[in-house]
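Notes to accompany the following structure.
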Amino acid sequence: MSFWAKMFGVRNPPHAMPSASVQSSTGGTVIATPQDLEAALRDGDVSDSGQQVTPDKAMRVAAVYACVRIISGAIATLPFQIKRRVDDRTRESVTDIEIWRVISREPNKWQTPSQFRRMLQAHLLLRGNGYAAITRSGNRILELIPLHPDRVELRQKDDLSLEYLWTRPNGGRVIFKQSDVFHLVGLTLDGVRGVTPITYARETIGLSLAQERHGAVQFKNGLNVGGTLTTEKHLGPEGRENIRAAMDEYRSDGDRAGKWMVLEDGLKAEGMSITAEDAQWIESRKFTRSDIAMFFGVPPHMIGDTEKSTSWGSGIEQQSIGFVAYTLEDHLTMWEEASNRDLLPDGDADAGTYFRFNRAALVKGDIKTRWETHVKAMQWGALSPNEVRALEDMNPREGGDIYYDPPNTAGDKTYTGDGDEPPKTP
């Protein structure tokens, strides 16, 4: 039996792997403990609001979807590079190892690099862990096959190493060694498994789901909780049902909704309306939206909540800087360290090879800030014009490899970076 048949229970060659490894959005449920069985019998985790809160249902909340989209999109679109330390001061880009092709061109046969990173980051945010099986030929990494976290059971053995029990879509099980899995772990309380904001924000997300359901019902019923019809005459069961059906058609988008009612037999109508404003429904939704953004570490203005902060000036700018420094940097470092640990052979790691996100791309959208940074870097001799052009994906120009003297050490010549000593200040 081939490697692919042993590992994934298929008889197809590697290029047919997508059909065997693509799973549904829910991924299924692995029941390994009595607690898992209880949760499955209860059909998921139910919050005090009465709403079942699962990762997939949480994504129906606009604030949750926005937070996951923003963080995953940033991870997916930032350039993910491989660097090598030439000496204590020099770094060079690495493209001559197999993992560069996998991480930068083709992680597997059906996903682009951005799709792969976006998917694993979304898994991490919604389920606390991101998994991908590493397929090798000798020491060469051929592919990274994403594994849905709902189908993976993580266990720590007596020797403290990890193993991963993956349940295939057909019900079969495969045990992966620690060295055969690329594992992303976010915030963890036991040092092994990651936790997800969905677990600890269950009540907030459940409240948001309940509010959305309440609002939908209210709009369906014309924003009225009901009313009374009174008459001095006696109505039989059939008469009451006919009147109730007619009134419901007025209230819930029937053909006569919004038109004048004609009441017969001395009927008098008295409404018991309650608006969304009176019930503080709108205010409650605003609070849950801000709380969800706080759980994910996303500034409220990035998910459209700008009511309590101006859309102009330094307030929004500082919030965006804080998002990069305190939220996004955490995820970038996690990806880099996990990639260094799981994807680099020991020889390359010992030779000073490492993964690195190009954080300079975070300011790509702000052309004014970007070019001001370039100008300062050239003025102080940190970058040459051609290095700036390379950052902007432009071809080098003749004579563009010079490094200008800093303003306080201006001399008669410039340092070309070819090994000559830089000019000394008189």
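The values are calculated or read from the model by the stated rules, or taken from the named source; none is laboratory data. Everything quoted here is computed from the prediction, not taken from an experiment. Cβ atoms come from the backbone with ideal geometry, glycine included; neighbour counts cover every protein chain shown. The accessibility values were calculated without ligands, DNA or RNA, using every heavy atom of the protein model including side chains. Shrake-Rupley method; radii C 1.70, N 1.55, O 1.52, S 1.80 Å.
A few comments on the model shown:
- The stretch 77-167 pair-distance distribution - Cα-Cα, 5 Å bins, rounded %: 3, 12, 17, 19, 19, 14, 10, 5, 1, 0
- Spin-label model, residue 192/residue 155: points 7 Å from Cα along the beta carbon direction are separated by 1.0 nm.
- Each residue, residue 234 and residue 177, gets one label point 7 Å from its Cα in the Cβ direction; the gap between the two is 8.8 nm.
- By accessible area with a 1.4 Å probe, ligands and nucleic acids excluded, highest first: order of 369, 353: 369, 353
- Amide N of the stretch 65-90 lying under 15 Å from the label point, which is placed 7 angstrom from the Cα of residue 356 along Cα→Cβ: 79-90
- Residues whose amide H comes within less than 5 Å of that of residue 136, counting only those at least five positions distant or on another chain, are 142 (H built at 1.01 Å from N in the peptide plane).
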